[in-house]
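J.: Provided herewith is a single structure, encoded as structure tokens, for subsequent inquiry.
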Amino acid sequence: MTAEPARSTACSSGAIPQPPGLSETDPSETELARAAALAAEIVDPELPVLTVGELGILRRVLPVACGGVAVELTPTYSGCPAVEVIVSDVRAALSAAGYEPVEVRVVRDPPWSSAWISPTGREKLRAAGISVGPPSEASDDSSGLVDLVRCPACGSLAVRRLSPFGPTACTALYACRDCGEPFEHLKAVS
Amino acid sequence: MTADAASGHPGMDGARAPATAAPGSEAPLGAPVTSPGLGDEPAGALRDAARAYVLGLGDDALILSHRLTEWVTRAPALEEELALANVALDLLGQARGLLERAGQLGGPASTADDLAYLRDARGFRNCLLVELENGDFARTMARQLLFSAWQLPLYERLRHSNDSALAGVAAAGAREAAYHLDHAALWVRRLGDGTDESHRRMQEGLDAVWPYAAELFLPEPFEGGLVLGALVQRELAVDPAALEPVWSATVHQVVTEATLEVPTGDWRPAGGRQGLHTEAFGFLLAELQSLRRTEPEASW
């Protein structure tokens, strides 16, 4: 990689315009925390009740050369189609807030775990009719097939799986035997 | 697929591109700070072999993903339509990560999109199994069983690779492959141990795809022994032959439970890893690449 010299040239030559108020030095801790908070508020387009912070896909916000920030995201599944939109939304939000340059990186290792969903996120999912188990219920089974599922409408555990694949990569389709409610379950993976 | 998502390259952000930038400037303004992969990148013949190996795995995922999307609007039930599209999406995500990595391992500078859309058939290194036409649902499930039963132990080993990009794809890919395997095994058992008609068609599907699985366990055509050994030693690759026992155990168990016969016969077609594909592959590729080749400047 020859990125180092190219970037420092870009920095000193002013090829990347520096917004007023930000120096060419690393952003301060405060600025990084503000950037992380801004990134965490971006909404997942596939599960619009959740922010990326609540879903647990926001890994880190780091300083990069020229006073910019890098945001690291981990997709829930390899082919998660929401990643494109999230990457672009995070970049737009941080650019609008004056960060420059903004890099958004997709980090695949370690893979996302459903245990990373925040307690607030779990509550919001249930309120939206999407079942999700507490982190302790995530199974050791890598397939995620053994999973405690509770009907989000009536709370019954008497449910049946209609299909292991739901409308998004991270959910499966279930129906409640007691109240009849069909619902999505966010699969436990670890 | 666009590579911008993973590389963080700001090329798509035209509004902020400096007006005075020299045309064709090589300066990667927002290039990744760190290159994923080895701290000590492979060089020479080893690098070429690593690229070919990763390209083969990426092409497997890409081409099977495309085949599975052909089921969309044609699946036997809505749930299966979702299932096949989901499996295809998982494979597409894996393909993207693998092709991005292959593009970093030498050859002309290429993104995952370049590799997917701008190579001709001879440049594709996928195994023949994944390019076979779908046939009926039973044949597709037979192909899924044979492929997933191979991909799962492959990814379980590659997740410990020294190459962090490869390990990252494999870590998420392993649990996806496990899910795909469960799904395929369920259908093979249900159809095999079902009605006379479903049993007959499941056996026919299995017979049709079975000979193509042998290619998965052949030595990579580039190796001549030494290079593959070096890749395996550096945990950049898995010896294909080492996967056969676990694959065989998985597949035999499912086939037996499904009350089906394990096909016999000595015909073992191969050549996909050398770019020698079946007749059906040209038609697949024409459709896969038609938009990009017709409208090279198209963007979202």
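J.: If the only charges are +1 at each Lys and Arg Cβ and -1 at each Asp and Glu Cβ, what is the size of the charge dipole of the range B:153-204 around the Cα centre, to the nearest 20 debye?
T.: Here the size comes out at about 100 debye.
J.: Starting with the fewest neighbours, write out B:S248, A:S95 ranked by other beta-carbon atoms found within 10 Å of each beta-carbon.
T.: With the fewest neighbours first, B:S248, A:S95 line up as B:S248, A:S95.
J.: Could you work out how far the C-alpha centroid of the range A:34-99 sits from that of the range B:143-171, in angstrom?
T.: Each part reduced to its Cα centre gives a spacing of 27 Å.
J.: Now, a different point. Could you list the residues of the range B:237-269 with an amide nitrogen less than 19 Å from a label point located 7 Å from the Cα of B:A45 in the Cα-to-C-beta direction?
T.: In the range B:237-269, the label zone of B:A45 (backbone N under 19 Å from the point 7 Å along Cα→Cβ) covers B:237-240.
J.: B:D196 versus B:W267, label points 7 Å from Cα toward the beta carbon: distance in nm?
T.: 2.7
J.: Looking at B:L206, B:P219, B:W150, which one has the Cα that reaches farthest to the positive end of the dipole of chain B (charges on Cβ: Lys, Arg +1; Asp, Glu -1)?
T.: Of the options given, the answer is B:P219.
J.: If you don't mind, another one. Long-range amide H contacts for A:L162: which residues qualify at under 5 Å (H placed 1.01 Å from N, peptide plane, sequence gap of 5 or more or a different chain)?
T.: Placed amide hydrogens put A:L173, A:Y174, A:A175 under 5 Å from A:L162.
J.: Which one of B:V130, B:L105, B:L64 has its Cα pushed farthest toward the positive end of the charge dipole of chain B, where Lys and Arg give +1 and Asp and Glu give -1 at the Cβ?
T.: So the residue we want is B:L105.
J.: Near the amide H of A:R59, under 5 Å away, which other amide H atoms are found, from residues 5 or more places off or on another chain, if H is placed in the peptide plane?
T.: Residues meeting the amide H criterion: A:E72, A:L73, A:T74.
J.: Ok, one more. Could you give the size of the charge dipole of chain B about its Cα centre, using +1 on the Cβ of each K and R and -1 on the Cβ of each D and E, expressed in debye and rounded to the nearest 20?
T.: It comes to approximately 380 debye.
J.: Return the sequence-ordered ³J(HN,Hα) values of the range B:169-181 in whole Hz as given by the Karplus equation 6.51 cos²θ - 1.76 cosθ + 1.60 applied to θ = phi - 60°, using x for Gly and Pro.
T.: Here the 3J(HN,Hα) series is 4, 5, 5, 6, x, 5, 6, 5, 4, 4, 5, 5, 5 Hz.
J.: Continuing with the same structure: Considering only C-alpha atoms, what is the centroid distance from the range B:42-90 to the range B:111-136, in Å?
T.: A separation of 9 Å, based on Cα centres.
J.: How would you rank A:W116, B:W150, going from fewest to most other Cβ atoms within 10 Å of each one's own Cβ?
T.: Ranked by crowding around the Cβ, least crowded first: A:W116, B:W150.
J.: A further question follows. Could you please rank A:K124, A:K187, placing first whichever residue has the fewest other Cβ atoms within 10 Å of its Cβ?
T.: Neighbour counts put them in this order, fewest first: A:K124, A:K187.
J.: May I pose another question? Kindly provide the Kirkwood hydrodynamic radius of the range B:220-289 in Å, to one decimal, from all pairs of distinct alpha carbon atoms.
T.: Evaluated on the range B:220-289, it is 15.5 Å.
J.: I need the calculated FRET efficiency for the pair A:A158 and B:E79, taking r as the beta carbon distance and R₀ as 22 Å, to the nearest 0.05.
T.: According to the calculation, E is roughly 0.60.
We did not get these values from a lab; they are worked out from the coordinates using the rules stated. In this text the structure is predicted, and so the values were computed from the model without any measurement. So basically every Cβ, Gly included, is an ideal-geometry build from the backbone, and we count neighbours across all protein chains shown.
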